[in-house]
Amino acid sequence: MTADILGWLDQHGELAAKVLGIFVGVMVAVAGLCRNVIRDWWARRTLSSRLGAEAYPAEVIKASTRYYIRPDCQGADPAGDEDFRNVVSPREPLFTTMDRLLEKPSEHKHVIVLADSGMGKTSFLLNYYACHWSSRKRRERFNLHLLPVNADVVAGIQRVSRPTETVLFLDALDEDPAAMKDHQARVKELVDATRMFRTVVITCRSQFFPKEEEIPDQTGVLKVADTGDKKDHRFKKLYLAPFTEEQIEKAIKRRFRRRDREAARRVVDMIPELVARPLILSYLEDLIGGQYKTASDVYERIIDRWVERDEYWVNKEDMKRFSEKLAVEMFRRGEQRVPEAELEPLAAQFGMKHLKSWQLRGRSLLNRDAQSRYKFAHRSIGEYLCVRAWQTEVDKAEPGHARTELMRQFASETKDPKTGLHFCWIPPGKFMMGSPDTDPDARDNEKPQREVTIAKGFWMAVTPVTVAAYRRYSKETGTVMREQPKESTEDCPVVRVRYDEAAAYCRWAGGRLPTEQEWEYACRAGTTGSRYGPLDRIAWYEGNSGHKIHPVARKDPNKFGLYDMLGNVWEVCEGRIWRGGAYWNDPAEVRAAFRDVDDLDFDLNDLGFRCFRE
């Protein structure tokens, strides 16, 4: 028997090695998975049994311990950097740092852990607490007690036995109503109540304390003034560090099965500025669903989740409206920050006098920098809110500065709520309108070619007006909608609309028909040839359409993000000028400069239109 096995191995040694390698790999993976599952289960069991549901509900414990990735800490505030993943500051594992601080209680009596919203302050305390009570070695060094800071916290502190042998964790000072009302008095009360404890560790949002309370010449120290005793309370200060790319990848591998990881990575790629926050990673399971296809979808969901977290202190719709107005105001000024003193006056200016400074300055969407000025958690949040405000008519004013590439992306992705269409921003510029004499397809009405200046940027609908969009208008206004071609679907361009009717629709949508100069500038999108790309890739025409109309946005867009500027249906401009060609036209007529003029008011099966907005 043994000889037979050895003989088989001699003959099939390479295959046997591969099978053994696969078996070992699978076993290692299973062992790692089991270890993580058991560790998470044990942490939840420990927390539930020792803390009780009145302190931390089961769903909070589960969310904080499941898939937990241990973070790093650093001495500098990462919120001071626009992309805080790029902060260059010494960092080390937070658990290691905390072990070291708690080993020497006389050196740092009070420690404060600071971080912006979504960075995992509560999760850290819960997981460290579970780790402590799961280890005999740790338990032998000291007791550990954890309390959320709320109205009953002082009574809870007084009930702790053997305080001199106990490390006390106090969670979420910034969420305590008493601290919001008078943080100096509350800190004094907590310091007085915890004088007998071995060490006290408090978590709080970075922007909760006024910046002037920090000692500028002492790195890693926070001071909170005590007006009653004329002295300061000093805390060893730590900041949670943003996740590195390696930690993000580790979180994805822990949270998702192999088959779902690529979808998670695609969402991460949509929001690279935000995923350094552990809270955002916890949303990935929700975000990889089918309804979140674009960066705008993801930003909208994240903002909704953030304002929901803060709804205890400020109505979420008020917070969204204030944030949108603030984003527009900052953009008008050409600034990314506003002083704290301006928050309340701005709320009044926006018609929201009931909002007070304390409700706004400590919320998820706004962070404070080193100069006590407030900014959005990331610039991209402000840019998204700005675009959202313009497109939902919260603020229709023309901004004073050129829009960024990301804002143009948001604009093209975000549906206008009135029309159901997407609009995208077209920047100002110059172009050569018409055709040169050297173009063999050029017609006389395209000449002479001349330079045209578009002095002001504008919004252009990303697609021609669709059947669905015109049907919405028809129902709202009572306008008659003519029967569409039998092959048309709801996402096909609407046709059989007369010139005056198209102009009326555009007025209802808050705009007008484009001039042919505006249309050709938008069509060319910086290109100088007959078309903005290879004909078969960008347009439906006689060579590929099957002589029928097609749904919008099925061909490649131009560099501005506009679809179907050439082919599919003609588009009427101001003055009854037709541009772009249609599905039945030959290539010579499907060009950026091609134009047709007709004074008759037809409703044709190949004539559509597109909306323009100032």
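Worth a mention:
- Overall form of region 94-162 per C-alpha gyration tensor (a/c, 1.5; a/b vs b/c): rounded
- Assuming charge only on the beta carbon of Lys and Arg (+1) and of Asp and Glu (-1), the dipole of region 386-540 about its Cα centre is about 400 debye to the nearest 20.
- Summing charges over all other residues whose Cβ lies under 9 Å from the Cβ of Ile288, with Lys and Arg as +1 and Asp and Glu as -1, gives -2.
- Calculated diffusion of region 395-524, Stokes-Einstein form, Kirkwood radius summed over Cα pairs, 20 °C and 1.002 mPa s, µm²/s: 127
- Violating pairs (Cα-Cα greater than 23 angstrom) within the set Lys320/Lys375; Lys320/Lys559; Lys121/Lys236; Lys62/Lys236; Lys430/Lys559; Lys62/Lys375: Lys320/Lys559; Lys62/Lys236; Lys62/Lys375
- Cα gyration tensor shape of region 481-590, rounded if a/c is under 1.5, else prolate or oblate by comparing a/b with b/c: oblate
- Rounded to the nearest 20, the Cβ-based charge dipole of region 550-600 about its Cα centre (Lys and Arg +1, Asp and Glu -1) stands at 260 debye.
- Distance between region 500-548 and region 426-468 - C-alpha centres, whole angstrom: 9
- Between the amide H of Asp72 and those of Leu94, Ala241, distances stay under 5 Å, these residues lying 5 or more places away or on another chain, with hydrogens modeled in the peptide plane.
- Accessible area (Å², 1.4 Å probe, nearest 10) - Arg332: 90
- Three-way shape call for region 409-456 based on the alpha-carbon gyration tensor, with the a/c threshold at 1.5: prolate
- The phi torsions of region 448-456, fed into the Karplus equation with coefficients 6.51, -1.76 and 1.60 and a -60° offset, translate into couplings of x, 5, 8, 7, 10, 9, 9, 6, 10 Hz, rounded to whole numbers, with Gly and Pro shown as x.
- Within region 94-162, GluC sites (Glu not before Pro) in DSSP loop having at most 11 other beta-carbon neighbours inside 10 Å: Glu107
- Region 424-541, relative contact order [Cα under 8 Å, separation at least 6], %: 23
The values are calculated or read from the model by the stated rules, or taken from the named source; none is laboratory data. As the structure is a prediction and not an experimental result, all values here were calculated from the model. Please note: Cβ atoms are built from the backbone with ideal geometry, for glycine as well, and neighbour counts cover all protein chains shown. Surface areas here come from the heavy atoms of the whole protein model, side chains and all, with no ligands, DNA or RNA. Shrake-Rupley method; radii C 1.70, N 1.55, O 1.52, S 1.80 Å.
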